[in-house]
Amino acid sequence: MFRIGYILFLLLMGTSICAQDFSAYEKKLFTQGSGVLPYRILLPKNFDASKKYPLILFLHGSGERGNDNEKQLTHGGELFLRDSIREQYPAIVVFPQCAKKSTWVKIDVSGEWGNRTFSFYEKAPPTQDMLLLEGLIKELRETYAIHRKQLYVGGLSMGGFGTFELVNRNPGLFSAAFPICGGANPRIARRLTRADWWVFHGGADDVVPPEYSTQMVEALEAKRARVNYSLYLAVKHNSWDYALKEPDLLPWLFSKPRLR
């Protein structure tokens with residue numbers, strides 16, 4: 001019994017040591033009407049309110065929905081918290097959290113798991129959380145000195161869908177976007193060309209088929225948009241594990257002022 005208890009103690013200690021401390025991301029709530037959007041915000045080290053900073057928005061996937069104001073940091077939160085990243089790329093980083101039964105964008109899904117079909121709208125009423133997200137962006141721009149040519153957005157899965165939709169609804173606002181394992185209606189590509197794009201997907205994704213990113217890349221290229229595409233052939237839905245480790249992602253992102 002002592003041996004078992006000791007092993008459990010070591011396991012718990014290991015879990016505690018490995019747990020990421022996200023306390024540097026301040027917990028906040030954005031309210032608009034009767035709606036509430038939890039979000040975490042990370043300010044640059046030695047933040048100077050008189051200086052202009054880039055803004056990075058990161059939209060989580062469906063598994064991180066809720067109102068605990070914590071789960072949305074599961075993927076990506078550690079990256080932007082690294083000392084080396086904060087020193088080299090000072091920016092205001094924001095992780096909003098979508099409500100449990102909501103989404104960033106309206107999408108219809110049919111079929112069985114592993115063989116699903118996604119139907120994207122060209123024009124659809126915004127979801128409650130998309131409206132809250134847009135309200136939050138407005139408030140952030142009024143509160144902080146954000147560089148108008150350095151607004152960036154990215155996200156994974158449901159957040160990848162949301163990335164396309166947020167840029168679609170706000171053409172000319174974002175300088176660069178990096179959707180991961182997402183997709184959209186190719187007909188909206190004409191409204192996305194003022195941003196630079198880096199699209200990511202797993203070639204073996206059985207949750208969101210890679211064809212939905214591929215068709216968006218082809219549509220963007222047809223409209224002469226600046227777009228990169230990383231398709232990880234043997235990777236399934238967790239392509240964010242690879243995208244967020246791309247050594248050129250942040251250098252690419254921060255090199256993108258809006259040029260059009």
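Quick rundown of the values:
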| item | result |
| --- | --- |
| Tabulated pairs, segment 217-235, first under 20 Å from residue 249 (Cα atoms), second hydroxyl-bearing (Ser, Thr, Tyr) and in a strand (DSSP E or B), C-beta under 6 angstrom, 6+ apart or interchain | 217/229 |
| Count of residues meeting criterion [crowded, with 21+ Cβ neighbours inside 10 Å and out of contact with any strand residue (DSSP E or B) (no Cβ under 8 Å at 6 or more places or on another chain)] in segment 193-208 | 1 |
| Residue satisfying all of: in segment 108-144; within 26 Å of residue 198 (Cβ to Cβ) and small (Gly, Ala, Ser); surrounded by the fewest Cβ atoms within 10 Å (Cβ to Cβ) among these | 119 |
| Scope segment 193-216; condition without any contact (Cβ under 8 Å) to a residue 60 or more places away in the chain and part of a strand (DSSP E or B); matching residues | 197, 198, 199, 200, 201, 202 |
| Sole residue being of a type in the set (Gly, Ala, Ser) and more than 17 Å from the chain's Cα centre (by Cα), chosen from 62, 84 | 84 |
| Hits in segment 43-78 - residues which are touching a Lys or Arg at 6+ places or on another chain (Cβ under 8 Å) and either of a type in the set (Val, Ile, Thr) or more than 30 Å from residue 208 (Cα to Cα) (or both) | 44, 45 |
| Output for segment 50-73, where each listed residue is part of a loop (DSSP other than H, G, I, E, B), touching a Ser or Thr at 6+ places or on another chain (Cβ under 9 Å) and more than 15 Å from residue 244 (Cα to Cα) | 65 |
| Residue match in segment 20-43 (condition: over 22 Å from the mean Cα position of the chain (by Cα) and either at pLDDT below 95 or not β-branched (Val, Ile, Thr) (or both)) | yes |
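The rows are residues; the columns are (1) touching a residue at least 60 places away in the same chain (Cβ under 8 Å); (2) among the small types (Gly, Ala, Ser).
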{"site": "61", "(1), (2)": "yes, yes"}
{"site": "102", "(1), (2)": "no, yes"}
{"site": "107", "(1), (2)": "no, no"}
{"site": "112", "(1), (2)": "no, no"}
{"site": "125", "(1), (2)": "no, no"}
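The values are calculated or read from the model by the stated rules, or taken from the named source; none is laboratory data. In this text, all values refer to a predicted model and were calculated from it rather than measured experimentally. Because the Cβ atoms are built from the backbone with ideal geometry, glycine has one as well, and the counts that use them run over all protein chains shown.
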